[in-house]
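The values are calculated or read from the model by the stated rules, or taken from the named source; none is laboratory data. This one's a predicted model, so the numbers in the text were calculated from it and none came from an experiment. In this analysis, Cβ positions are derived from the backbone assuming ideal geometry, glycine residues included, and neighbour counts consider all displayed protein chains. Heavy atoms of the whole protein, side chains included, go into the accessibility calculation; ligands, DNA and RNA do not. Shrake-Rupley method; radii C 1.70, N 1.55, O 1.52, S 1.80 Å.
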Amino acid sequence: FPYTTLFRSGQINPATLAISAVSETKVYDSTTTASATPTSTGLVASDSISGLFESFDSKNAGARILGVNPGFVINDGNGGNNYTVSTTFTAAGAITSAPLTLGAVTDSKVYDGGTSSSGTPTVVGGLFGGDSVSGLSQAFDSKNAGARTLLVNGFTVSDGNGGANYAVTVDSAPGTITPAPLTVSAVPDTKVYDETTS
């Protein structure tokens, strides 16, 4: 027999979707990039989130805050409108100082009464991005002739953070100061005989 389908008004309320940043620690690399992925709870069925990532609030070493980047997309077939997003955008994190090694170079000179060296220390490794080291200098550990040690004694780390993004290690190098030639010469003289050779 004939029948009629009746429709009544109704409503589907959005589900709650919670997105949270997660804690992370990394070694300084001159970027704010984080490797951890924010967590999400509340997705229904085959719905998904793409472009979900987080980053540090600064590239510099120290206590940092991790934040969820807002460019994520909820793939629910409804432009994300099936969800009310509850986001904990931040989490505690840290960036630790990167190791940086500066090495003195071997040098030798003739004794000149000072400890200066003409060699320039090298950056053995560890710089990131556009960071640099300037004013590198080294000196002998003593002014005296003999087998000596060369020590790094001057440098400035330019990293936008007063050098705090790096834990600097300095390596010494062997060196030598050779004796300087010294000539002592007699000079002509005349005297009246006095029974001595003075």
(message) Within the range 133-168, take every residue that is at pLDDT 95 or above, open to solvent by 70 Å² or more (accessible area, probe 1.4 Å) and not in a loop (DSSP other than H, G, I, E, B) and give me the one that is farthest from PRO99 (Cα to Cα).
(response) ALA147
(request) Give the residues of the range 55-73 that are under 21 Å from ASN165 (Cα atoms) and over 17 Å from the mean Cα position of the chain (by Cα), sorted by residue number. (result) ILE65, LEU66, GLY67
(message) It is to be established whether one or more residues within the range 109-121 are touching a Phe, Trp or Tyr at 6+ places or on another chain (Cβ under 6 Å), farther than 26 Å from ASP29 by Cβ and assigned to a strand (DSSP E or B).
(response) no
(request) Just one of (1) at pLDDT 95 or above; (2) closer than 30 Å to VAL68 by Cα; (3) not aromatic (Phe, Trp, Tyr) trips up VAL85, so point out which. (result) (1)
(message) Can you say whether ASP107 is surrounded by 16 or more Cβ atoms within 10 Å (Cβ to Cβ) and closer than 30 Å to GLY119 by Cβ, as far as the supplied structure shows?
(response) yes
(request) Test each condition in (1) surrounded by 15 or more Cβ atoms within 10 Å (Cβ to Cβ); (2) assigned to a strand (DSSP E or B); (3) of a type outside the set (Val, Ile, Thr) for PHE128 and report the one that comes out false. (result) (2)
(request) Take the range 142-198 and flag every residue that is of a type in the set (Gly, Ala, Ser), farther than 19 Å from GLY125 by Cα and out of contact with any strand residue (DSSP E or B) (no Cβ under 7 Å at 6 or more places or on another chain). (result) SER185, ALA186, SER198
